[in-house]
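Encoded as C-alpha coordinates, the structure appears first; notes follow it.
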Amino acid sequence: EAENHYFKQLLESIPFGIVVLNEHDQVIDANSGFLKLFNYTTEQIRHSFINDLIVPEELKSEGSILTERVYAGNEIFKETKRRTSDGRVIDVSVTGIPIVTASGQKQVFGIYQNITANLEIRKQLEQEKLYFQTLFKELPFGVILMNDREELVDCNDNFLSMFQYSKAELSQPNGFDLIFP
(Lines give C-alpha, C1' and ligand atoms only; values in the text may rest on other atoms or scores of the structure.)
Protein backbone atom coordinates (compact mmCIF):
# COMPACT_ATOMS: atom_id res chain seq x y z
CA GLU A 1 0.00 0.00 0.00
CA ALA A 2 2.86 2.36 0.84
CA GLU A 3 4.56 1.60 -2.48
CA ASN A 4 1.30 2.16 -4.36
CA HIS A 5 0.86 5.53 -2.61
CA TYR A 6 4.46 6.47 -3.41
CA PHE A 7 3.97 5.48 -7.07
CA LYS A 8 0.78 7.60 -7.31
CA GLN A 9 2.57 10.63 -5.85
CA LEU A 10 5.47 10.16 -8.23
CA LEU A 11 3.12 9.78 -11.19
CA GLU A 12 1.29 12.99 -10.29
CA SER A 13 4.44 15.03 -9.69
CA ILE A 14 5.92 14.44 -13.14
CA PRO A 15 5.14 17.43 -15.41
CA PHE A 16 4.26 15.34 -18.46
CA GLY A 17 1.23 13.38 -19.51
CA ILE A 18 1.71 9.82 -18.31
CA VAL A 19 -0.48 6.81 -18.99
CA VAL A 20 -0.14 3.19 -17.91
CA LEU A 21 -1.53 0.59 -20.32
CA ASN A 22 -2.28 -3.09 -19.87
CA GLU A 23 -1.26 -5.87 -22.28
CA HIS A 24 -4.39 -5.14 -24.37
CA ASP A 25 -3.39 -1.49 -24.87
CA GLN A 26 -6.12 -0.29 -22.51
CA VAL A 27 -5.67 2.57 -20.07
CA ILE A 28 -5.14 1.38 -16.49
CA ASP A 29 -4.12 4.72 -15.05
CA ALA A 30 -3.15 8.24 -16.09
CA ASN A 31 -1.79 11.24 -14.27
CA SER A 32 -3.41 14.67 -14.19
CA GLY A 33 -0.86 15.87 -16.78
CA PHE A 34 -2.24 13.35 -19.29
CA LEU A 35 -5.85 14.25 -18.47
CA LYS A 36 -5.11 17.96 -18.87
CA LEU A 37 -3.07 17.53 -22.06
CA PHE A 38 -5.77 15.52 -23.83
CA ASN A 39 -8.75 17.13 -22.06
CA TYR A 40 -10.23 13.95 -20.58
CA THR A 41 -11.49 12.81 -17.19
CA THR A 42 -10.35 9.60 -15.54
CA GLU A 43 -13.79 8.07 -16.09
CA GLN A 44 -13.66 8.84 -19.83
CA ILE A 45 -10.34 7.09 -20.40
CA ARG A 46 -10.29 4.16 -17.99
CA HIS A 47 -10.25 0.85 -19.94
CA SER A 48 -10.27 2.75 -23.26
CA PHE A 49 -7.84 1.67 -25.97
CA ILE A 50 -5.13 4.33 -26.18
CA ASN A 51 -4.94 4.32 -29.97
CA ASP A 52 -8.72 4.80 -30.26
CA LEU A 53 -8.59 7.53 -27.66
CA ILE A 54 -5.86 9.88 -28.89
CA VAL A 55 -4.44 8.74 -32.24
CA PRO A 56 -5.82 10.67 -35.24
CA GLU A 57 -7.40 8.47 -37.91
CA GLU A 58 -4.63 9.14 -40.46
CA LEU A 59 -1.99 7.95 -37.94
CA LYS A 60 -3.69 4.74 -36.75
CA SER A 61 -1.15 2.46 -38.45
CA GLU A 62 1.71 4.44 -36.88
CA GLY A 63 0.05 4.10 -33.47
CA SER A 64 -0.33 0.33 -33.93
CA ILE A 65 3.30 -0.08 -35.00
CA LEU A 66 4.55 1.89 -32.00
CA THR A 67 2.35 -0.17 -29.68
CA GLU A 68 3.67 -3.44 -31.14
CA ARG A 69 7.27 -2.29 -30.74
CA VAL A 70 6.78 -1.44 -27.07
CA TYR A 71 4.98 -4.69 -26.27
CA ALA A 72 7.85 -6.50 -27.99
CA GLY A 73 10.13 -5.03 -25.32
CA ASN A 74 11.50 -1.98 -27.13
CA GLU A 75 11.51 1.57 -25.83
CA ILE A 76 10.21 4.06 -28.38
CA PHE A 77 10.55 7.78 -28.84
CA LYS A 78 8.63 9.58 -31.55
CA GLU A 79 7.61 13.12 -32.39
CA THR A 80 4.14 12.87 -33.87
CA LYS A 81 0.59 14.17 -33.61
CA ARG A 82 -2.19 13.12 -31.25
CA ARG A 83 -5.85 14.12 -30.88
CA THR A 84 -7.46 15.70 -27.81
CA SER A 85 -11.01 14.93 -26.66
CA ASP A 86 -12.34 18.01 -28.47
CA GLY A 87 -10.78 16.91 -31.78
CA ARG A 88 -7.79 19.26 -31.80
CA VAL A 89 -4.60 17.71 -33.13
CA ILE A 90 -1.45 18.61 -31.22
CA ASP A 91 2.24 17.92 -31.76
CA VAL A 92 3.65 15.62 -29.08
CA SER A 93 6.72 13.65 -28.23
CA VAL A 94 5.79 10.12 -27.23
CA THR A 95 7.98 7.86 -25.15
CA GLY A 96 6.88 4.27 -24.63
CA ILE A 97 8.58 2.12 -22.03
CA PRO A 98 7.76 -1.57 -21.54
CA ILE A 99 7.40 -2.67 -17.94
CA VAL A 100 6.68 -5.99 -16.30
CA THR A 101 4.77 -6.06 -13.01
CA ALA A 102 5.77 -8.20 -10.03
CA SER A 103 3.11 -10.70 -11.14
CA GLY A 104 4.66 -10.91 -14.63
CA GLN A 105 2.08 -8.84 -16.53
CA LYS A 106 3.34 -6.76 -19.44
CA GLN A 107 2.40 -3.09 -19.29
CA VAL A 108 3.41 0.10 -21.03
CA PHE A 109 4.41 3.33 -19.40
CA GLY A 110 3.59 6.08 -21.95
CA ILE A 111 4.91 9.61 -21.58
CA TYR A 112 3.49 12.47 -23.66
CA GLN A 113 4.75 16.03 -23.95
CA ASN A 114 3.12 18.80 -25.95
CA ILE A 115 5.84 20.10 -28.30
CA THR A 116 3.70 22.41 -30.43
CA ALA A 117 5.50 25.53 -29.14
CA ASN A 118 8.92 23.86 -29.57
CA LEU A 119 8.15 23.01 -33.18
CA GLU A 120 7.03 26.59 -33.84
CA ILE A 121 10.32 27.88 -32.42
CA ARG A 122 12.25 25.33 -34.51
CA LYS A 123 10.34 26.48 -37.61
CA GLN A 124 11.13 30.15 -36.85
CA LEU A 125 14.81 29.33 -36.36
CA GLU A 126 14.89 27.52 -39.70
CA GLN A 127 13.28 30.54 -41.38
CA GLU A 128 15.83 32.88 -39.77
CA LYS A 129 18.65 30.58 -40.85
CA LEU A 130 17.34 30.57 -44.42
CA TYR A 131 17.02 34.37 -44.33
CA PHE A 132 20.61 34.73 -43.09
CA GLN A 133 21.92 32.29 -45.70
CA THR A 134 20.09 34.13 -48.48
CA LEU A 135 21.32 37.50 -47.24
CA PHE A 136 24.88 36.19 -46.89
CA LYS A 137 24.84 34.72 -50.39
CA GLU A 138 23.19 37.70 -52.14
CA LEU A 139 25.10 40.62 -50.61
CA PRO A 140 26.67 42.70 -53.42
CA PHE A 141 30.12 42.59 -51.81
CA GLY A 142 32.49 39.91 -50.59
CA VAL A 143 31.79 38.45 -47.16
CA ILE A 144 33.70 35.85 -45.19
CA LEU A 145 32.86 34.04 -42.00
CA MET A 146 35.82 32.86 -39.92
CA ASN A 147 36.10 30.92 -36.67
CA ASP A 148 38.23 31.96 -33.70
CA ARG A 149 41.25 30.12 -35.17
CA GLU A 150 41.02 32.37 -38.25
CA GLU A 151 39.88 29.49 -40.45
CA LEU A 152 37.31 29.89 -43.18
CA VAL A 153 33.83 28.77 -42.17
CA ASP A 154 32.05 30.18 -45.21
CA CYS A 155 32.23 32.92 -47.81
CA ASN A 156 29.92 34.19 -50.48
CA ASP A 157 30.50 33.94 -54.22
CA ASN A 158 31.32 37.65 -54.50
CA PHE A 159 34.29 37.14 -52.16
CA LEU A 160 35.53 34.25 -54.29
CA SER A 161 35.17 36.25 -57.52
CA MET A 162 36.90 39.25 -55.98
CA PHE A 163 40.04 37.28 -55.08
CA GLN A 164 39.80 34.50 -57.71
CA TYR A 165 40.31 31.64 -55.24
CA SER A 166 38.12 28.64 -54.51
CA LYS A 167 36.66 27.78 -51.11
CA ALA A 168 38.85 24.67 -51.11
CA GLU A 169 42.01 26.77 -51.55
CA LEU A 170 40.99 29.21 -48.82
CA SER A 171 39.97 26.39 -46.47
CA GLN A 172 43.46 24.88 -46.43
CA PRO A 173 45.72 25.62 -43.45
CA ASN A 174 47.04 29.17 -43.92
CA GLY A 175 44.67 29.58 -46.88
CA PHE A 176 44.23 33.27 -46.16
CA ASP A 177 47.97 33.78 -46.71
CA LEU A 178 47.03 33.69 -50.39
CA ILE A 179 45.07 36.91 -49.91
CA PHE A 180 46.86 38.45 -46.94
CA PRO A 181 50.56 37.53 -47.32
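The values are calculated or read from the model by the stated rules, or taken from the named source; none is laboratory data. Every value quoted in this text rests on a predicted model; they were computed, and no experiment measured them. When we count neighbours, we look across all protein chains shown, and the Cβ atoms used for this are built from the backbone with ideal geometry, even at glycine. Keep in mind that these areas ignore ligands, DNA and RNA; they rest on the heavy atoms of the full protein, side chains included. Shrake-Rupley method; radii C 1.70, N 1.55, O 1.52, S 1.80 Å.
Can you pull the one-decimal nm distance between simple spin-label points at LEU10 and GLU138, each 7 Å off the Cα toward Cβ?
Result for the modelled spin labels: 5.6 nm.
For the pairs LYS78/LYS129; LYS81/LYS137; LYS8/LYS106; LYS36/LYS129; LYS60/LYS129; LYS129/LYS167, note any where the Cα-Cα span goes beyond 29 Å.
Numbers: LYS78/LYS129 25 Å; LYS81/LYS137 36 Å; LYS8/LYS106 19 Å; LYS36/LYS129 35 Å; LYS60/LYS129 34 Å; LYS129/LYS167 21 Å.
Pairs exceeding the cut-off: LYS81/LYS137; LYS36/LYS129; LYS60/LYS129.
Cα convex hull of region 1-138: how many Å³ per residue? Provide the component values of the computation, followed by the final result.
Details: hull volume 19.0 nm³, N = 138.
So the per-residue Cα hull volume is 138 Å³.
Accessible area of region 53-181 with a 1.4 Å probe: how many percent of it is carbon plus sulfur? Walk me through the numbers on the way to the answer.
Numbers: 4620 of 8580 Å².
Roughly 54 percent of what the probe reaches on region 53-181 is carbon or sulfur.
Starting from the Cα of ILE90, step 7 Å along the direction of its Cβ; do the same at MET162; then give the gap between the two resulting points in nm.
For the pair ILE90/MET162, the computed spacing is 5.1 nm.
Identify the residues of region 32-60 with backbone N under 15 Å of a label point that sits 7 angstrom from the Cα of LYS81 along the Cα-to-Cβ direction, or state none.
54-60
Mind putting a number on the dipole of the chain about its Cα centre? Charges go on the C-beta only, +1 for Lys and Arg and -1 for Asp and Glu, and I need it in Debye to the nearest 20.
Dipole of the chain, to the nearest 20 debye: 380 debye.
How big is the dipole moment of region 100-181 about its Cα centre under a simple scheme where the beta carbon of each Lys and Arg is +1, that of each Asp and Glu is -1, and everything else is neutral? Debye, nearest 20, please. Mind dumping the intermediate values first?
Working: 7 positive and 11 negative charges, 122 e Å.
The dipole magnitude comes to about 580 debye.
Which Cα, out of SER103, TYR131, PHE141, lies furthest along the positive dipole direction of region 89-150 (beta carbon charges, K/R +1, D/E -1)?
Of the candidates, SER103 comes out farthest on the positive side.
Just the accessible area per residue of region 1-144, please: how many Å² with a 1.4 Å probe?
Working: 9080 Å² over 144 residues.
Heavy-atom SASA per residue in region 1-144 reads 63 Å².
How about LYS123: which aspartates and glutamates have a C-alpha closer than 15 Å to its C-alpha, ignoring those fewer than 8 places off in the same chain?
Excluding near neighbours in sequence, the set is GLU79, ASP91.
Angle check, please: helix 60-71 long axis (alpha carbons) against the longest principal axis of the chain (alpha carbons), in degrees 0 to 90, nearest 10.
Relative to the chain, helix 60-71 is tipped by roughly 80 degrees.
Can you give me the long-range amide H partners of ALA30? Hydrogens built in the peptide plane at 1.01 Å from N, cutoff under 5 Å, separation of 5 or more residues or another chain.
Placed amide hydrogens put VAL20 under 5 Å from ALA30.
Please give the contour-minus-distance gain from GLU57 to LEU125: 0.36 nm per residue of separation, less the Cα-Cα distance, rounded to one decimal in nm. Before the final figure, lay out each step's value.
Values: separation 68, 0.36 × 68 = 24.48 nm, distance 3.05 nm.
So the chain would gain 21.4 nm between GLU57 and LEU125.
Given +1 on the Cβ of Lys and Arg, -1 on the Cβ of Asp and Glu, and no further charges, what dipole in debye does region 61-153 carry about its Cα centre, rounded to the nearest 20? The partial results should precede the final answer.
Details: 12 positive and 13 negative charges, 96 e Å.
Around 460 debye, computed over region 61-153.
Pick out, from ASN51, GLN113, ILE18, the residue whose Cα sits farthest towards the positive end of the charge dipole of the chain, with +1 on the Cβ of Lys and Arg and -1 on the Cβ of Asp and Glu.
Value computed over the given set: ASN51.
With everything on Cα atoms, drop me the angle between helix 116-138 and the longest principal axis of the chain, reported from 0 to 90° to the nearest 10.
Tilt relative to the chain: about 10 degrees.
Express in whole angstrom the spacing between the alpha-carbon centres of region 125-150 and region 20-90.
43
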